[in-house]
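Questions regarding the structure given below will be posed in turn.
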Amino acid sequence: MRLKAAVAVVVLACVSVLLGAYGLSAIAAETQTDYNFPPVIQKLVEKFNLDPAKVDEVLQEDRKEREAKRQAMIEERLDQAVKQGRITEKQKEAILAKRKEMQEKFAALRDLSPEERREALKQLRDEMEKWAKENGIDTKWLLMGKGRGFGPRGFCGFGFKGGPYGRIM
């Protein structure tokens with residue numbers, strides 16, 4: 001009789017522990033946000049016990065600042081090209097609009113697998129080349145910024161390289 005009671009207590013204790021562990025893991029899963037930091041930033045977050053949300057906020061601010069500087073540089077180069085007669089004002093406006101459109105399309109590629117992203121980038125590159133040809137615009141005007149071509153990393157000029165923080169764009 002004592003043996004049965006002892007077994008029952010042990011079984012109840014194990015079930016309680018398992019249910020408690022399951023409940024805690026469910027709560028942690030609900031509150032945890034996957035920031036997907038690169039290893040070096042993840043190490044800094046852990047070593048200095050930083051709040052990942054605040055680190056992500058700082059990185060987002062930095063990304064926005066760099067994008068604003070890059071956009072200003074691109075507009076300055078296009079203005080210069082208009083002054084030199086290499087492109088028209090209408091072409092400049094079309095280029096800026098197309099770049100914005102393509103950046104939005106790139107943002108949609110973030111959640112794709114590498115293979116799907118590669119195929120989607122190929123389609124976007126083809127679309128860009130076709131658009132440039134139809135509008136009489138050299139593709140070099142579309143690819144200003146971090147890179148200068150359609151190279152093996154895709155649209156480098158749009159900042160689509162993963163960036164210093166491991167994110168696309």
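The values are calculated or read from the model by the stated rules, or taken from the named source; none is laboratory data. Remember, predicted model here, so these are calculated numbers, not experimental data. For neighbour counting, all protein chains shown are included, and Cβ atoms are generated from backbone atoms with ideal geometry for every residue, glycine included.
What do you reckon, is residue 68 at pLDDT 90 or above, under 29 Å from residue 39 (Cα atoms) and not basic (Lys, Arg)?
yes
Right, here's the next one. It is to be established whether one or more residues within region 99-115 are buried (at least 16 other Cβ atoms within 10 Å of the Cβ), farther than 30 Å from residue 34 by Cβ and not β-branched (Val, Ile, Thr).
For region 99-115, residues buried (at least 16 other Cβ atoms within 10 Å of the Cβ), farther than 30 Å from residue 34 by Cβ and not β-branched (Val, Ile, Thr): absent.
Oh, and also: Of all residues in region 90-145, which are among the small types (Gly, Ala, Ser), at pLDDT below 90 and closer than 18 Å to residue 76 by Cβ?
145
Looking only at region 45-65, which residues are under 14 Å from the mean Cα position of the chain (by Cα) and of a type in the set (Lys, Arg)?
Those that are under 14 Å from the mean Cα position of the chain (by Cα) and of a type in the set (Lys, Arg): 63, 64.
I'd like to check something: does region 22-32 contain any residue that is surrounded by 10 or more Cβ atoms within 10 Å (Cβ to Cβ), of a type in the set (A, V, I, L, M, F, W, C) and at pLDDT 60 or above?
No.
Now a separate question. Considering only region 34-61, how many residues are assigned to a helix (DSSP H, G or I) and either touching a residue at least 12 places away in the same chain (Cβ under 8 Å) or among the hydrophobic types (A, V, I, L, M, F, W, C) (or both)?
Number satisfying all stated conditions: 10.
For the condition in a helix (DSSP H, G or I), farther than 28 Å from residue 64 by Cβ and not polar (S, T, N, Q), what is the one hit in 104, 93, 127, 115?
When all the criteria are applied, what remains is 115.
While we're here: So in region 133-142, with the set limited to residues that are in contact (Cβ under 8 Å) with a residue 12 or more places away in the chain and either of a type in the set (Val, Ile, Thr) or farther than 22 Å from residue 67 by Cβ (or both), which one is surrounded by the fewest Cβ atoms within 10 Å (Cβ to Cβ)?
Per the criteria, the residue is 136.
Considering (1) out of contact with any Pro (no Cβ under 7 Å at 6 or more places or on another chain); (2) modelled with pLDDT under 95; (3) of a type outside the set (Phe, Trp, Tyr), say which one residue 45 fails and leave the rest.
Residue 45 satisfies all of (1) out of contact with any Pro (no Cβ under 7 Å at 6 or more places or on another chain); (2) modelled with pLDDT under 95; (3) of a type outside the set (Phe, Trp, Tyr) except (1).
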